[in-house]
Amino acid sequence: MGNSEKPMGNLKNQKTRYADLYELVPEGYFSLDENNQIVQINLTGAKMLGLEHRRPLGLKFSNELHDRVVQ
């Protein structure tokens, strides 16, 4: 393996580690767009909403959803 391949391998490992941390953290993470629509959510966040993991993408984070998360 040449020197130029090592940084790419490290970058891939870092991306995998970040993805694992994001998905497996015990807190719910929600990323919203300017219209309050969910554009990214982790496993815990989806469970907090009582929804399948990738299903809430595009769903508007309304007061009703906020109340589910806060409980």
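Remarks
- Scope segment 35-68; condition modelled with pLDDT under 85, among the basic types (Lys, Arg) and within 15 Å of residue 22 (Cα to Cα); matching residues: 54
- Cβ-Cβ distances below 9 Å connect the following pairs, each with a first residue in segment 18-35 that is under 14 Å from residue 48 (Cβ atoms), a second residue that is basic (Lys, Arg) and surrounded by 10 or more Cβ atoms within 10 Å (Cβ to Cβ), and a separation of six or more residues or different chains: 28/47.
- Matching residues, segment 18-30, being surrounded by 12 or more Cβ atoms within 10 Å (Cβ to Cβ) and either in a strand (DSSP E or B) or under 9 Å from the mean Cα position of the chain (by Cα) (or both): 22, 23, 28, 29, 30
- When residues of segment 31-53 are limited to those that are over 9 Å from the mean Cα position of the chain (by Cα) and assigned to a loop (DSSP other than H, G, I, E, B), the one surrounded by the most Cβ atoms within 10 Å (Cβ to Cβ): 51
- Checked against (1) at pLDDT 85 or above; (2) in contact with a strand residue (DSSP E or B) (Cβ under 7 Å, 6 or more places away or on another chain); (3) not hydrophobic (A, V, I, L, M, F, W, C), residue 27 passes all but condition (2).
The values are calculated or read from the model by the stated rules, or taken from the named source; none is laboratory data. No experiment lies behind these values; they were computed from the predicted model shown. Virtual Cβ from ideal backbone geometry, glycine too; neighbours counted across all protein chains shown.
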